[in-house]
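For reference, the structure discussed in these notes is given below.
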Number of protein chains: 2
Amino acid sequence: MSVQERKQRERAERERLIVTTARELAEQQGWDAVTTRRLAERIEYSQPVLYSHFRGKREIIGAVALEGATEMAAAVRAATAAADGPRARVTALARAYLDFAARNPAVYDALFELDGGLAFAHEDTPQPLRDAFAALLESLGEVAGDGVHPGMFTEVFWAALHGLATLTRAGRLPPEDAERRVELLVDRLAVI
Amino acid sequence: MSVQERKQRERAERERLIVTTARELAEQQGWDAVTTRRLAERIEYSQPVLYSHFRGKREIIGAVALEGATEMAAAVRAATAAADGPRARVTALARAYLDFAARNPAVYDALFELDGGLAFAHEDTPQPLRDAFAALLESLGEVAGDGVHPGMFTEVFWAALHGLATLTRAGRLPPEDAERRVELLVDRLAVI
DNA sequence: GCTCGACCCTAGCATTGCTAGGCAATCGAG
DNA sequence: CTCGATTGCCTAGCAATGCTAGGGTCGAGC
């Protein structure tokens, strides 16, 4: 049985290699540069190997997205845990979110801009995505205000952050006032 | 000279035909289905004709985006003009914006999700885009609140709307609570 | 009526995601 | 140890994509 175990382990390692390599390539040169050929070359296997791990390119994007969701949840939790009081927590959360999006544009794209074949707001939504939303909810729920459903408040706040992240990165918003925009958002939306 | 004029007119008409056909096709079957071959077939010309009007597919997307920006500006202005008082105006604006995005997903994608080769927040930003932002600014500027720059307030409000629009359409947010989310956004962000 | 130029089409290129088919190495049974 | 079977991988290829080169045709202007 040990042989099978070793093979299984090697397969799992190679799958991780594929995902991390796809992510690296995407961060370096953008998702357009992540072709199955280039990806195969980088992992030093032939193209069909990719398809023995994933149904297609979409699933690879999806895998990067899930990895990113876990990291983002961790980043948000780390930032809010280090802050004192609801207001500081929300501000830290917003900064951490936007910071993550700015530092990992390819991962952020995999999560929200590209089609990774992931189900959102469904019963079959993958755990990392649920958990990322939960991480937001933990700090945002406490500033939703009376009579406002915490989940819905989190959705709206999240949407605002998402809008800022994407519009800023796409050059639709000048990057200078980023910090002031965050302050305005927190001041107005959160009920302290 | 009349011959040249006629030719020029026909060229202009054909260019409009390309843009409206691309838009139709995108609305019907999504932008992925808008290939140069299919588009050429629909307008009953060969592919190279497209390239005598536009540098490439990107520019066609950009043309659809510009058309969409003009329409969106008109839709927003029409909605706000019919509303009484700042609060009603902002609510109407938000609804009109989200409604436009929901009813014209392909156009909205051309504007904000796809690369149409357009410059934003620049000195060489095309007029329709500037005007669309101006349409938002007209109604949002009056509820920015004291000490808050109207332009920046508009950016934040716009980003929030953009986030709601994209996340809702991508299935990231459940569509049921759309109206309540708008109310929350207006209540909190706008200073009446 | 003729010539020349604008106009547009056929054909092709490189690249993309994905798949079929075969080859070789490894495993299990005798 | 041998031999058939299975697993795992690669070479080669397909259809579709955006885009371009080159030639042929038709009409304008003298």
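The values are calculated or read from the model by the stated rules, or taken from the named source; none is laboratory data. This structure is a prediction, so every number in the text was calculated from the model and none was measured. Every residue, glycine among them, receives a Cβ derived from its backbone with ideal geometry; neighbour counts consider all protein chains shown. The accessibility values were calculated without ligands, DNA or RNA, using every heavy atom of the protein model including side chains. Shrake-Rupley method; radii C 1.70, N 1.55, O 1.52, S 1.80 Å.
For the protein assembly as shown, what is one quarter of the convex hull surface built on the Cα atoms, given in nm²? Don't jump to the answer; show the numbers that get you there.
Working: hull surface 96.7 nm².
Computed as one quarter of the Cα hull surface, the answer is 24.2 nm².
Could you state how much accessible area is buried at the A-B interface, both sides summed, with a 1.4 Å probe, in Å² to the nearest 100?
Numbers: alone 10980 and 10970 Å², together 19080 Å².
Roughly 2900 Å² of accessible surface disappears when A and B pair.
Can you list the GluC sites (Glu not before Pro) in region B:41-71 that are in a DSSP coil and have 11 or fewer other beta carbons within 10 angstrom? Don't jump to the answer; show the numbers that get you there.
Numbers: sites: B:41, B:44, B:59, B:67, B:71; in loops: B:44.
Here the GluC sites (Glu not before Pro) that fit, given the DSSP loop and packing criteria, are B:44.
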Of all accessible surface on the protein assembly as shown at a 1.4 Å probe, what whole percent is carbon and sulfur? 50 percent
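Are there any trypsin sites (Lys or Arg not before Pro) in region B:1-88 that are in a DSSP loop and have at most 15 other Cβ atoms within 10 Å? List them by number. Please list the in-between numbers first.
Values: sites: B:6, B:7, B:9, B:11, B:14, B:16, B:23, B:37, B:38, B:42, B:55, B:57, B:58, B:77, B:87; in loops: B:55.
Qualifying residues, ordered by number: B:55.
Give, to the nearest whole percent, the P(r) tail of region B:92-192 beyond 19 angstrom, counting all Cα pairs.
On the way: 2272 of 5050 pairs.
In whole percent, the share of Cα-Cα pairs in region B:92-192 beyond 19 Å is 45.
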DSSP H segments from chain B that extend 20 Å or more along their own axis, Cα-based, with Kyte-Doolittle mean of -1.0 or above: B:57-81, B:85-103, B:150-169
Shortest first and in nm with one decimal, please list how far the residue A:37 label point sits from its counterparts in the other copies (point 7 Å along Cα→Cβ). 1.8
How much mean residue ellipticity at 222 nm does the protein assembly as shown get from its helices, if each DSSP H run of length 4 or more adds -39500 (n - 2.57) and you divide by all residues, to the nearest 500 deg cm²/dmol? -23500 deg cm²/dmol
Would you mind getting the Kirkwood hydrodynamic radius of chain B from its Cα pairs, rounded to one decimal in Å? 18.1 Å
Whole-Å distance, taken between Cα centres, linking region B:19-84 and region A:64-113: 35 Å
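Please get the size of the charge dipole for chain A, origin at its Cα centre, with Cβ charges of +1 on Lys and Arg and -1 on Asp and Glu, quoted in debye to the nearest 20. Mind dumping the intermediate values first?
Working: 24 positive and 29 negative charges, 111 e Å.
With Lys and Arg at +1 and Asp and Glu at -1, about 540 debye.
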Determine the dipole magnitude for the protein assembly as shown: charges of +1 sit on the beta-carbon of Lys and Arg, -1 on that of Asp and Glu, nothing else is charged, the reference point is the Cα centre, and the result goes in debye to the nearest 20. 1020 debye
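What GluC sites (Glu not before Pro) in region B:133-192 are in a loop by DSSP, with at most 13 other Cβ atoms within 10 Å of the Cβ? Display every interim value, and only then the final one.
On the way: sites: B:138, B:142, B:155, B:176, B:179, B:183; in loops: B:176.
Taking region B:133-192 and a limit of 13 other Cβ atoms within 10 Å, the loop GluC sites (Glu not before Pro) found are B:176.
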Putting +1 on Lys and Arg Cβ atoms and -1 on Asp and Glu Cβ atoms, find which of B:28, B:88, B:140 reaches farthest to the positive end of the dipole of chain B. B:28
Here D for region A:1-53, in µm²/s, from Stokes-Einstein with a Kirkwood Rh over Cα pairs at 4 °C and 1.567 mPa s, works out to 111 µm²/s
Region B:85-154 - charge dipole about Cα centre, Lys and Arg +1 at Cβ, Asp and Glu -1, debye rounded to 20: 360 debye
